[in-house]
1. Of the numbered conditions (1) within 16 Å of the ligand (Cβ to nearest atom); (2) in the same structural domain as Gln115 (by TED's automatic domain parsing), Ala206 satisfies every one except a single condition; which is it?
2. Might you check whether a residue that is out of contact with any Phe, Trp or Tyr (no Cβ under 9 Å at 6 or more places or on another chain) and farther than 21 Å from Val246 by Cβ occurs anywhere in region 316-330?
3. Looking only at residues in region 225-246 that are touching a residue at least 40 places away in the same chain (Cβ under 8 Å) and outside any helix (DSSP H, G or I), which one is farthest from the ligand (Cβ to nearest atom)?
4. Scan region 209-224 residue by residue and report those that are touching a residue at least 40 places away in the same chain (Cβ under 8 Å), within 16 Å of the ligand (Cβ to nearest atom) and open to solvent by 10 Å² or more (accessible area, probe 1.4 Å).
5. Considering only residues that are more than 13 Å from Lys308 (Cα to Cα), within 13 Å of the ligand (Cβ to nearest atom) and open to solvent by less than 40 Å² (accessible area, probe 1.4 Å), which ones fall in region 247-265?
6. Report yes if Val350 is within 17 Å of the chain's Cα centre (by Cα), under 30 Å from His119 (Cβ atoms), within 15 Å of the ligand (Cβ to nearest atom) and open to solvent by less than 80 Å² (accessible area, probe 1.4 Å), otherwise no.
7. Would you mind finding the one in Asp145, Asp157, Asp153 that is of a type in the set (Asp, Glu) and in contact (Cβ under 8 Å) with a residue 60 or more places away in the chain?
8. Quick check on my filter: what residues within region 295-319 are in a helix (DSSP H, G or I) and within 16 Å of the ligand (Cβ to nearest atom)?
Amino acid sequence: MTATKPTGLEGVVAGDTAICSVEQGALIYRGYEIQDLAANATFEEVAYLLICGEKPTPEQTRFFKDELVANRALSPQAIEVLKLCGPLLEQGSAVPMDVVRTVLSVLGNGDPDAQDNSHEAELRKAKRIVAKIPTIIGHMQNIIDGRDIIAPDTGGDANLSHAANLLYMMTGQRPTPEAEKVMDVSLILYAEHDYNASTFTSRVIAGTLSDMHGAMTGAVAALKGPLHGGANEAAMVMLKEIMEHVEAGGTVEDWMHKAFESKRKLMGFGHRVYKNGDHRAPILHALGRKVAEQKGGEYLKLFEIGEKVQHIMETEKHIYPNVDFPCGMTYYTMGIPVPQYTPIFVASRVTGWAAHIMEQHANNRLIRPIASYTGPAVRPWNS
Ligand code: CMC
């Protein structure tokens with residue numbers, strides 16, 4: 001039997017989806033272009049669109065927001081596990097993405113619908129998970145910063161939007177409308193991207209008829225890697241290295257050429273599908289740059305250096321930034337600790353994962369490809 005085997009399944013159509021279309025020409029969530037959503041929708045509306053399947057009416061939006069607010073608080077067990085993870089974060093054996101993965105799994109253990117894969121139960125679970133991820137991130141950051149956990153009984157301030165509450169839970173400060181808007185748009189941009197590695201992981205797990213929390217726990221592990229969601233943290237770490245190089249008297253050009261010589265992968269650049277640019281990157285770049293211009297100093301310098309890096313990559317390598325490149329600079333400019341960038345990606349992408357898990361369960365067939373064997377020929381055990 002002959003089988004095609006493109007490495008990394010490049011170009012392989014692995015299934016159908018009605019949730020999202022990722023093409024060089026456009027990025028579309030359930031019929032709406034990403035530019036339209038970023039300009040005109042809120043994250044809550046986009047979350048509803050992805051999970052429930054249609055654009056919400058104003059009344060549905062209000063009800064959905066109330067449901068999220070009501071579900072923000074974590075169980076005492078989940079808070080206990082978060083506290084236990086504190087020393088592990090401090091000693092460095094765990095990073096925030098590992099803690100998000102662990103606590104999400106714990107939430108599954110306590111969810112009354114945990115073992116129920118019906119559509120109604122999955123809708124309830126999806127809303128609970130979307131509501132609780134910012135609380136996990138916030139409580140974790142409070143533990144890292146050595147302060148009391150903010151709003152352990154409610155998971156935040158009921159008057160704040162999802163994006164604003166996420167920032168509030170991390171810092172104890174209610175964000176400015178500008179910071180809230182940037183966070184909200186970044187969550188919209190990160191929400192969904194068809195069969196990317198983490199979503200595909202969630203569908204493979206769901207395809208065995210396993211549960212939503214389990215499927216998402218696996219997806220978090222897939223998102224963590226620097227070739228996927230972890231790239232937003234890795235991009236910022238790389239930019240800091242370039243900034244230090246420049247501060248020490250070097251230039252962006254010589255750092256880049258050394259990177260090219262050593263065939264180093266530049267984090268936040270390139271994409272499996274978008275070979276001529278990621279639709280999301282210029283949207284976030286423009287918003288982040290505005291924040292940097294207001295703050296000035298090192299933040300504006302960061303954006304200027306980032307733009308130089310981008311120009312050299314585009315002109316010399318024809319490789320374009322993906323959304324993680326401006327995300328790194330933007331979140332840094334907003335004062336968000338770097339190890340929380342990918343957990344914030346989770347806070348958004350859980351909406352897309354939920355939609356895919358439900359779509360998989362609604363029309364399930366086990367996902368089980370075949371491999372082409374390259375091992376030794378048959379040989380006797382007793383030779
Ligand atoms: N820096 C330097 N060279 C690159 C990069 C990069 N970031 N991306 C691709 N290339 C080169 C690559 O070396 C290869 O060159 P050659 O043909 O000479 O060997 C060519 O471009 C084709 O790349 P590829 O590795 O075959 O592309 P891929 O589709 O397998 O990988 C990717 C896509 C995203 C894994 C890759 O571009 C990469 O590692 N980028 C850096 C990590 C990153 O930013 N990931 C975020 C992805 S998008 C958003 C998300 O998921 O969060």
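1. Condition not satisfied by Ala206: (1).
2. yes
3. Here the residue is Gly230.
4. Listed by number, the residues that qualify are Ala221, Lys224.
5. Within region 247-265, Ala259, Phe260 qualify.
6. Numbers: within 17 Å of the chain's Cα centre (by Cα): yes; under 30 Å from His119 (Cβ atoms): yes; within 15 Å of the ligand (Cβ to nearest atom): yes; open to solvent by less than 80 Å² (accessible area, probe 1.4 Å): yes.
Yes, satisfied.
7. Working: Asp145 fails: in contact (Cβ under 8 Å) with a residue 60 or more places away in the chain; Asp157 fails: in contact (Cβ under 8 Å) with a residue 60 or more places away in the chain.
Exactly one of Asp145, Asp157, Asp153 is of a type in the set (Asp, Glu) and in contact (Cβ under 8 Å) with a residue 60 or more places away in the chain, namely Asp153.
8. Restricting attention to region 295-319, the residues satisfying the condition of being in a helix (DSSP H, G or I) are 295, 297-317.
Matches in region 295-319: Gly306, Lys308, Val309, Gln310, His311, Ile312, Met313, Glu314, Thr315, Glu316, Lys317.
The values are calculated or read from the model by the stated rules, or taken from the named source; none is laboratory data. Please read these numbers as outputs of a predicted model, since none were measured by experiment. Virtual Cβ from ideal backbone geometry, glycine too; neighbours counted across all protein chains shown. For the accessible areas, the whole protein counts, side chains as well, though only heavy atoms, and no ligand, DNA or RNA atoms are used. Shrake-Rupley method; radii C 1.70, N 1.55, O 1.52, S 1.80 Å.
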